[in-house]
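The values are calculated or read from the model by the stated rules, or taken from the named source; none is laboratory data. All figures in this text were calculated on a predicted structure; none of them were measured in a lab. Glycine gets a Cβ as well: all are built from the backbone with ideal geometry, and neighbour counts include every protein chain shown.
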Amino acid sequence: MIHDEGLFLITGATGKTGRHATKRLLESGHRVRAMVHRPDERSAALADVGAEIVVADFRDLDGMATALRGVSGAYFCYPILPGLVEATAGFAQVATEAGVRSVVNMSQISARRDAGSDAARQHWLSERLLDRTGLITTHLRPTFFAEWLKVWWENREGEGYLRLPFGEGRHAPIAVADQARVIAAVLTDPEPHDRAIYPLHGPVEHDHHEIAEAMADILGFPVHYDPISIKEFTSAMRERGLPEHLVQHLGNVAVDYRDGVFAGTNDIVERIGGHAPLTVRQFVDADRSSFDTSGPYHVPAPGTDGGPK
């Protein structure tokens, strides 16, 4: 049954959290307008399950006005690219003009005034900007996504490697599907969450040695955490042509991680989303095929093909 009281805009709808949030709202009978940068097979898949597709860009106020027309609540999710504060200001202005009632803002756990990461500091500023509007506003600050494991994964000669610069730091990985439960729940009942800042964590805190052990238990072959320096990590990203804004962010995030900024766990996902979040073992077991090959941004060992020499 289609609910009459609201239409929800999901920005970044073909991205990880946006795609899952769109599907969760649709499954609950809500109307969803999915904002995408261009039509493709991913947007077509969302249309097939009932989403209204709108092509728009955060930098285009007129396009955003079209996307937000008639919307009661919106999920604001900006990629790790320059221009976040400007995009937030434009979104806030157009949303106010359109009479939008509430916004769920995807921030990050490292967002703070004195963050070393430019992106993290811009997220903090964007939070403060949204707090000064008349929108019912909720900020989500997730720790590292469980999906990170697939991105930085290397499968080499039948063994798995996580070559990352996180020392002995800890976090509780959180899957995007679990974040989507929170996004959908807050959008459909925003008032109790006005001006709340929610750090989102998975159920169990690990260091990366423990993560590797959990992955090995499920995959059935050895998995190793190979700690590397932050310099090696950022050099490898630059060699692969990743944008400097992203490299600067991830290099400083690695410092934050070592300093405990990403650590902790809580019951927010279960309490608000209504479902216990996935453990690392459950996440890997549900998507075993993703670990058959190396991720797109893995850092190979020195001397291997593509690795720093």
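When A67, A98 are checked against the criterion of being touching a Gly at 6+ places or on another chain (Cβ under 9 Å), surrounded by 15 or more Cβ atoms within 10 Å (Cβ to Cβ), over 30 Å from N252 (Cα atoms) and among the aliphatic types (A, V, I, L, M), A98 stands alone in meeting it.
This table checks each residue for (1) over 17 Å from the mean Cα position of the chain (by Cα); (2) modelled with pLDDT under 95.
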residue: T138; (1), (2): no, no
residue: E147; (1), (2): no, no
residue: G158; (1), (2): yes, yes
residue: H171; (1), (2): no, no
residue: I183; (1), (2): no, no
residue: D194; (1), (2): yes, no
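Taken over segment 179-193, the criterion of being farther than 15 Å from I109 by Cβ and either touching a residue at least 60 places away in the same chain (Cβ under 8 Å) or part of a helix (DSSP H, G or I) (or both) is satisfied by A180, R181, I183, A184, A185, V186, L187, T188, P190, E191, P192, H193. Does T143 fit the bill of being at pLDDT 95 or above, over 22 Å from G202 (Cβ atoms) and either surrounded by 20 or more Cβ atoms within 10 Å (Cβ to Cβ) or touching a helix residue (DSSP H, G or I) at 6+ places or on another chain (Cβ under 8 Å) (or both)? In short, no.
You will find that of G83, G134, G73, G158, the residue that is out of contact with any Phe, Trp or Tyr (no Cβ under 9 Å at 6 or more places or on another chain) and not aliphatic (A, V, I, L, M) is G134 and no other. Kindly check whether there is at least one residue in segment 105-115 that is surrounded by 21 or more Cβ atoms within 10 Å (Cβ to Cβ) and assigned to a strand (DSSP E or B). Yes, segment 105-115 contains at least one residue that is surrounded by 21 or more Cβ atoms within 10 Å (Cβ to Cβ) and assigned to a strand (DSSP E or B). Does segment 117-140 contain at least one residue that is outside any helix (DSSP H, G or I) and closer than 20 Å to E244 by Cα? Yes, the conditions are met somewhere in segment 117-140. Identify, please: which residue in segment 14-36 is β-branched (V, I, T) and in a strand (DSSP E or B) and is, among those, farthest from A146 (Cα to Cα)? Across segment 14-36, the extreme among qualifying residues is V32.
Give the residues of segment 198-229 that are in contact with a Gly (Cβ under 9 Å, 6 or more places away or on another chain), over 18 Å from T265 (Cα atoms) and touching a residue at least 60 places away in the same chain (Cβ under 8 Å), sorted by residue number. Residues satisfying the conditions are M215, L219, F221, P222, V223, H224, P227.
If I filter segment 196-205 for residues that are charged (D, E, K, R) and in a helix (DSSP H, G or I), do I get at least one hit? The answer is no; no qualifying residue exists. For the subset of segment 249-277 comprising residues that are touching an Asp or Glu at 6+ places or on another chain (Cβ under 6 Å) and not β-branched (V, I, T), which member is surrounded by the fewest Cβ atoms within 10 Å (Cβ to Cβ)? The residue in question is A276.
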